[in-house]
1. Here are the criteria: (1) modelled with pLDDT of 95 or more; (2) open to solvent by 40 Å² or more (accessible area, probe 1.4 Å); (3) not assigned by TED's automatic domain parsing to the domain that holds Phe63. Tell me which single one Gln97 does not satisfy.
2. Might you check whether a residue that is assigned to a loop (DSSP other than H, G, I, E, B), modelled with pLDDT of 95 or more and surrounded by 22 or more Cβ atoms within 10 Å (Cβ to Cβ) occurs anywhere in the stretch 150-167?
3. Give all pairs with beta carbons closer than 7 Å in which a residue from the stretch 135-152 that is of a type in the set (Asp, Glu) meets a residue that is modelled with pLDDT of 95 or more and more than 16 Å from ligand 2 (Cβ to nearest atom); count only pairs at least 6 apart in sequence or on separate chains.
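The values are calculated or read from the model by the stated rules, or taken from the named source; none is laboratory data. All values derive from a computational prediction rather than experimental measurement. Cβ placement follows ideal geometry from the backbone for every residue including glycine, while neighbour counts extend to all protein chains displayed. Only protein heavy atoms, including side chains, enter the accessible area calculation; ligands, DNA and RNA are left aside. Shrake-Rupley method; radii C 1.70, N 1.55, O 1.52, S 1.80 Å.
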Amino acid sequence: MMKALVSREGKAVITQLPRPTITSDDEILLQVILAGICRTDLLVADGTISCYKESSGCQESAFGHEFCGRVVAAGHSVTHFYPGQRVAVNPVLACGQCSDCQSGNGYLCSNSGLLGINAPGAFAEYIKVSASQCYRVAESISDHLVAYAEPVAAMLSTLNCGIKPQQHIGILGSDRIARLCQFILSTEGLDVITINKEQPVDVLPVDVLIVTSFIRECLPVNLVKPGGMIIIKSRSPFSSTVCYSDIVQRRLILLGVNYAPFTTALKFIEAYQQSLMPFIGSSYPLDRFAGAFKADSAQKIFLVPCVG
Ligand SMILES: [Zn+2]
Ligand SMILES: [Zn+2]
């Protein structure tokens with residue numbers, strides 16, 4: 001058995017679950033070294049997003065998807081990984097069937113699932129994944145930064161949107177996700193302001209508005225100049241309204257972005273290890289998840305399932 005954090009009737013609870021075992025040749029059993037807490041996890045915890053158990057009728061399982069693992073065992077066809085090795089894991093479960101997956105661009109898959117929602121997750125002592133999701137990482141990269149690869153892959157998707165250096169760029173919000181996005185764009189020489197409701201109106205509107213937060217009200221099209229672009233990088237589970245006549249009259253481009261390749265995120269983390277350290281916050285034992293969930297969200301907070 002193993003200790004795991006599950007979402008039960010809108011509440012996160014620690015429970016004991018069977019330790020996963022290898023049942024197919026391409027699988028890897030990992031011990032979870034540590035796992036980051038994402039805003040998506042908080043929505044799974046409170047039942048806003050329903051996870052594996054409810055959606056599949058299977059046994060309840062851990063949630064959590066941003067983690068660093070250590071190989072415990074591998075299936076017969078796994079050749080690149082060996083027990084004791086530390087790995088990064090891409091938690092995105094690409095469908096393998098769509099045209100993007102078939103052309104080798106699984107990171108663009110529009111039918112993808114996520115570990116911790118569509119399959120057992122990382123807030124547990126052990127997790128079983130496919131070898132195709134695992135990546136070797138340089139020794140110099142800390143466990144915390146390895147576990148930070150998924151949010152970096154998500155925010156790297158805001159590059160290559162055709163933003164030009166001379167454009168006035170704004171990010172809605174100033175939380176850690178907005179600041180990570182701001183940092184990533186700064187590495188490409190793009191100067192980005194964070195926009196809060198308190199922001200003086202004279203710096204607005206912008207040419208490009210990036211939305212990384214969950215919007216519950218109307219999309220604020222008035223923050224964008226006519227002919228400008230709104231980049232949506234948050235899969236809000238809440239419905240919000242879009243005023244189509246404003247979009248048409250202001251000739252706005254609405255662009256959704258999802259992920260950059262996971263390997264791009266790992267290279268980015270290796271190159272910017274020092275600069276990314278301020279985004280890394282405290283670690284809590286899994287048992288103390290309640291305190292971790294309430295902790296200051298200005299930095300990424302981690303859970304450590306195997307203590308001692
Ligand atoms: Zn995440
Ligand atoms: Zn696909």
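1. Unmet for Gln97, out of (1) modelled with pLDDT of 95 or more; (2) open to solvent by 40 Å² or more (accessible area, probe 1.4 Å); (3) not assigned by TED's automatic domain parsing to the domain that holds Phe63: (3).
2. yes
3. Sorted first by the residue in the stretch 135-152, then by its partner, the pairs are Asp143/Ile33; Asp143/Leu34; Asp143/Cys68; Glu150/His65; Glu150/Glu66.
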